[in-house]
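S.K.: This structure is in structure tokens; I'll ask about it shortly.
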Amino acid sequence: MIDRQFCDMLAYRLCDAFKYAGDNNLSAFWCDGILLPENVSVSGKRTVVMKAFIDKSGQTAYRMTLKLGNKALSRYTRGLRIEECIPDEGFDSWVWVDTINEEIEVQLN
């Protein structure tokens, strides 16, 4: 389920993950919030497009692509909570940031 509680948890975990970014520029980033998608439907590519406010000030709107792994997709399609699918390790294994195009990809378990 993608709701306000999920967005808040994801924003919190992103703030924590940025600390572990190998890029010094990204390690100073933080996330000030994530907007719920206007259309909460998972595309054929198992993705949901959202908007996240991240950067050194936490105010730049980035296009966020949320990629649902097998566990997240299974829970999502059954209407279950997916917070437990947000990785809690490191950075490079589940977050990719393109500062030029202001895009972020997040891979859930």
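S.K.: Using only the alpha-carbon atoms, what does the chain span along each of its principal axes? Please give whole angstrom values in decreasing order.
M.R.: Projected onto its principal axes, the Cα set of the chain covers 39, 27, 24 Å.
S.K.: Let me ask something else about it. With θ taken as phi - 60° and the coefficients 6.51, -1.76 and 1.60, list the Karplus ³J(HN,Hα) couplings across the range 6-22 in order, rounded to whole Hz; mark glycine and proline as x.
M.R.: 4, 4, 5, 5, 5, 4, 4, 5, 5, 4, 5, 5, 4, 4, 9, 5, x
S.K.: Another question about this same structure. Among 9, 64, which comes first, then next, by fewest other beta-carbon atoms within 10 Å?
M.R.: Starting with the residue having the fewest Cβ neighbours, the order is 9, 64.
S.K.: To the nearest 20 Debye, how big is the dipole of the chain about its Cα centre, given +1 on the beta carbon of each Lys and Arg and -1 on that of each Asp and Glu? All intermediate terms of the calculation are to be shown ahead of the outcome.
M.R.: Working: 13 positive and 16 negative charges, 98 e Å.
For the chain, the charge dipole is close to 480 debye.
S.K.: Ignoring everything except DSSP H segments at least 4 long, calculate the 222 nm mean residue ellipticity for the chain; use -39,500 (n - 2.57) per segment, divide by total residues, nearest 500. Before the final figure, lay out each step's value.
M.R.: Working: 3 runs with 27 residues, N = 109.
Counting only the DSSP helices, I get -7000 deg cm²/dmol.
S.K.: Please report the antiparallel percentage of the DSSP beta bridges confined to the chain, to the nearest 5. Please report the intermediate quantities before stating the final value.
M.R.: Numbers: 16 of 21 bridges.
Of the beta bridges lying entirely in the chain, close to 75 percent run antiparallel.
Rule-based calculations on the coordinates, nothing more; no lab input. None of the values given here were measured: they were computed from a predicted structure. Cβ sites come from the backbone with ideal geometry, for glycine too, and all protein chains shown count toward neighbours.
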